[in-house]
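The values are calculated or read from the model by the stated rules, or taken from the named source; none is laboratory data. What you are looking at is a predicted structure, and each value in this text was computed from that prediction instead of being measured. For neighbour counting, all protein chains shown are included, and Cβ atoms are generated from backbone atoms with ideal geometry for every residue, glycine included. These area figures cover heavy atoms from the full protein model, side chains too; ligands, DNA and RNA do not enter into them. Shrake-Rupley method; radii C 1.70, N 1.55, O 1.52, S 1.80 Å.
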Amino acid sequence: EKTQITSVNAFSERNEVMLALSYRALLVCWLSVSKANADGWPSLKNHIFTENAGKVKTLLARSTTECDIEDGLGIKEADRIGNLGVINHKYNGHCRYSTMPEYSYGDFKTYQGTIAVGDGLASTSYEAYKIYPPSSKYTKNLRSKTHLAVNLPSTSNYVIYKLNSFGSNAPVDALYEVEVVESGLTAEVSGFTKTSVRVDDLSEPTVYFVLPETTVPSIWPDPPFGCSIESATIVQNDDFDLYAERYDMMSSYRPFDPKYDWNNSPDSHYHSYSFRKTFFPVSKSTGENGVVWQDQETFQIYVSWLTPIGQVTVELPNNKSDYLGAAAGSGTSGDIIYLTMAKDGVEGTPLDVRGKKVDSSGNLIIGKKYDTTYLKTAEWSHPGSSLLWKEETDTLVWMFSRGLLNGHQGAIAVILDADTLDILEQTGQTSSHSWANSLIMGNGKNGHNFLAVELGDNFPRGISVHSFSDENERVSKLVYTFKTKHSTKKREGCAGCQKVYEEISTKDKTYYTWSNDNNVYTEIAHPGAIALLDGSYMVIFAGERPPLDNSKTGSNLNSPRNLAFLIVSGDIKSILSTGDDSSGGFYSYTGGWSDQENEGIVWLTDFSSGVSDRDAWHSAVRIKAAQVHDNLILIVYELWLASSYIRTEVMGINKRGKVVTKPTALPYKFRLTPSDDIEVVDGRAVIYGYNSDDIKLT
């Protein structure tokens with residue numbers, strides 16, 4: 001299973017796709033790294049488990065109890081192999097049920113073996129154990145849970161690790177990631193130490209190993225002398241190279257971690273509402289790159305500048321009671337503009353919304369408090385906002401969702417002066433409710449310099465494209481729309497809401513002619529559109545098929561969510577792509593019929609086609625899109641089951657939408673933020689992230 005990846009030529013003309021940057025840092029460390037391949041980046045380290053010949057045993061688990069360990073009796077022979085054992089824990093403070101088959105699991109097939117760790121340059125190995133799920137289940141109900149016990153050689157502190165695989169969904173070249181499952185273990189007098197690691201709930205064979213806390217395993221190559229930056233090649237093919245950098249962060253910092261801070265699945269109620277952007281790329285005139293982010297615990301705002309030997313983090317002014325809404329930087333001056341919104345407010349009272357402009361060292365240039373009665377802002381809204389700075393005109397467009405003073409929710413866009421932060425124009429409401437938004441530079445036709453893609457559940461219902469000019473002119477078009485869940489009850493006081501919706505009603509369920517569906521069954525990419533050289537725009541998203549079948553509703557996820565695109569003309573008036581067309585409609589909240597129509601949808605994937613088991617459906621979420629040259633558009637996304645993450649994939653399409661690189665799994669579980677955009681810098685697409693387990697900015 002070892003990954004065989006050839007190296008990247010740092011001086012070639014191929015497209016190098018970066019998960020982290022800066023190029024200067026990459027080049028300095030590249031020159032000093034001793035690589036597995038003479039002209040490229042090192043590969044990730046693989047961890048391969050090999051069974052020792054004849055070292056297999058089925059551990060009973062029902063003969064040793066937690067009480068035995070506490071009494072210093074040790075682990076019985078039937079429950080151990082080598083330095084690992086299994087014990088059944090107490091139930092309600094006693095061990096009477098621990099040995100009874102009626103109330104516990106038993107028979108854990110276990111292999112003793114070795115983990116070999118290598119990156120092509122050097123290798124090491126650790127003693128390890130592969131444990132299978134129990135083959136004997138309780139006959140009445142579960143009262144005593146089965147945990148690992150380990151034999152530690154000394155009184156030092158130890159850590160238990162497991163290898164995280166991709167399970168039955170593993171790509172061919174998958175790497176096993178190392179995860180801490182328990183730390184701070186010390187030896188008991190008996191030699192075996194009980195742990196908190198449960199194994200009766202295993203769903204697949206799992207490899208565990210124990211190391212002193214001073215030995216830290218990793219899939220990442222060691223950084224070269226003088227650098228604290230971990231870097232490695234992730235994916236290579238004929239079209240692009242994917243590589244990553246990881247920067248040490250102080251443990252006192254806590255940027256957004258997509259694994260823990262917003263882990264809502266496609267089947268979750270909250271998935272429709274998305275989440276605010278969290279990492280905002282910026283740069284200096286010297287070419288140094290950085291990222292603005294907010295601490296998730298202290299709510300302080302920082303910019304981290306990426307240097308040749310690591311990162312330098314600078315605190316930016318903030319009163320710590322505001323959410324970071326959006327940020328943008330000037331590559332000419334290095335200045336940063338960011339907008340904040342108060343986390344809490346008084347009902348019926350406008351919420352504080354502020355803008356700040358600072359230099360690259362965090363020194364305040366301008367501070368601005370906005371008239372939020374004018375902006376009708378009463379409450380922070382989770383979908384957050386987008387900000388784009390056009391330096392040629394020194395203007396910015398800020399699009400943000402918010403709770404309104406009248407109790408509703410919607411998004412608006414405003415044009416800002418970059419010198420004063422004054423609001424030059426307010427474009428009015430764009431959608432309500434608004435669950436996601438994204439901005440790119442427009443094609444400049446008729447003075448329209450900014451383009452927005454927005455996902456709304458009503459007014460209008462679907463994906464809208466908005467083109468803005470500096471003079472407050474807006475052209476909008478609904479380019480994709482989706483099905484609607486209808487009510488199963490009549491609505492009193494509404495004359496049009498009393499009839500049965502015959503077309504979708506069944507003998508088991510009756511629907512009526514009105515709806516109030518906040519679900520959107522759809523997710524836009526970030527950014528949501530690609531500006532093509534001919535002036536048109538490619539809108540990228542994921543949706544459920546067929547998109548307008550109102551009978552296929554009722555849950556947050558009703559069919560696999562597949563990737564798709566359509567192309568809209570530069571004047572935002574017509575659909576240019578040729579693909580699936582569909583028509584339908586829905587009954588509104590007041591019982592009136594609303595027609596719907598889709599045109600030119602081109603589906604890029606066909607996940608779980610023909611699969612009836614809902615729990616086995618695959619869906620694309622957290623989608624990122626970037627055009628790295630005229631005829632190559634990258635799409636990076638997470639692949640999920642209905643309620644759990646599987647892996648992260650990347651694919652490539654050309655400007656006509658033809659797939660040129662089939663979906664390729666990243667060989668480790670790189671987690672994507674929900675709605676951050678890819679930043680394209682000199683033909684390099686850049687994604688930021690943070691891993692709180694390793695305390696690394698990626």
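The table below lists the values:
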item	result
Test set (1) basic (Lys, Arg); (2) under 19 Å from Asn363 (Cβ atoms); (3) in contact (Cβ under 8 Å) with a residue 60 or more places away in the chain - Lys277 fails condition number	(2)
Residue among Lys357, Lys368 that is open to solvent by less than 50 Å² (accessible area, probe 1.4 Å), among the charged types (D, E, K, R) and touching a residue at least 40 places away in the same chain (Cβ under 8 Å)	Lys357
Boolean, Thr124 is in a strand (DSSP E or B), at pLDDT 95 or above, β-branched (Val, Ile, Thr) and out of contact with any Asp or Glu (no Cβ under 7 Å at 6 or more places or on another chain)	no
So Asp248, is it touching a residue at least 24 places away in the same chain (Cβ under 8 Å), of a type in the set (D, E, K, R) and open to solvent by 20 Å² or more (accessible area, probe 1.4 Å)	yes
Any hit, the stretch 438-446, residues being in a strand (DSSP E or B) and hydroxyl-bearing (Ser, Thr, Tyr)	yes
Test: residue in the stretch 398-417 that is touching an Asp or Glu at 6+ places or on another chain (Cβ under 6 Å) and under 24 Å from Leu375 (Cβ atoms)	yes
The stretch 199-218, residues that are in a strand (DSSP E or B) and either surrounded by 15 or more Cβ atoms within 10 Å (Cβ to Cβ) or of a type in the set (Gly, Ala, Ser) (or both)	Thr206, Val207, Tyr208, Phe209, Val210, Leu211
So Thr513, is it open to solvent by 10 Å² or more (accessible area, probe 1.4 Å), β-branched (Val, Ile, Thr) and either farther than 30 Å from Ser386 by Cα or out of contact with any helix residue (DSSP H, G or I) (no Cβ under 9 Å at 6 or more places or on another chain) (or both)	no
Test: residue in the stretch 294-317 that is free of Cβ contacts under 8 Å to residues at least 24 places away in the same chain, within 19 Å of Phe256 (Cβ to Cβ) and either of a type in the set (Lys, Arg) or open to solvent by 60 Å² or more (accessible area, probe 1.4 Å) (or both)	no
Tally of residues being closer than 28 Å to Trp640 by Cα and of a type outside the set (D, E, K, R) across the stretch 249-291	22
Those strands (runs of 3 or more DSSP E) lying entirely in the stretch 584-698 with at least 1 residues open to solvent by less than 20 Å² (accessible area, probe 1.4 Å) and of a type in the set (A, V, I, L, M, F, W, C)	593-603, 619-629, 632-640, 645-653, 659-665, 684-686
Members of the stretch 325-350 that are over 29 Å from the mean Cα position of the chain (by Cα) and of a type in the set (A, V, I, L, M, F, W, C)	Val346
Residue within the stretch 561-578 that is acidic (Asp, Glu) and within 29 Å of the chain's Cα centre (by Cα) present	no
Residue tally, condition under 30 Å from Pro224 (Cα atoms) and open to solvent by less than 10 Å² (accessible area, probe 1.4 Å), over the stretch 318-351	1
Number of the condition not met by Leu557 [criteria: (1) hydrophobic (A, V, I, L, M, F, W, C); (2) part of a strand (DSSP E or B); (3) open to solvent by less than 10 Å² (accessible area, probe 1.4 Å)]	(2)
Residues (modelled with pLDDT of 95 or more, open to solvent by less than 10 Å² (accessible area, probe 1.4 Å) and part of a strand (DSSP E or B)) located in the stretch 463-489	Ile463, Ser464, Val465, His466, Val479, Tyr480, His486
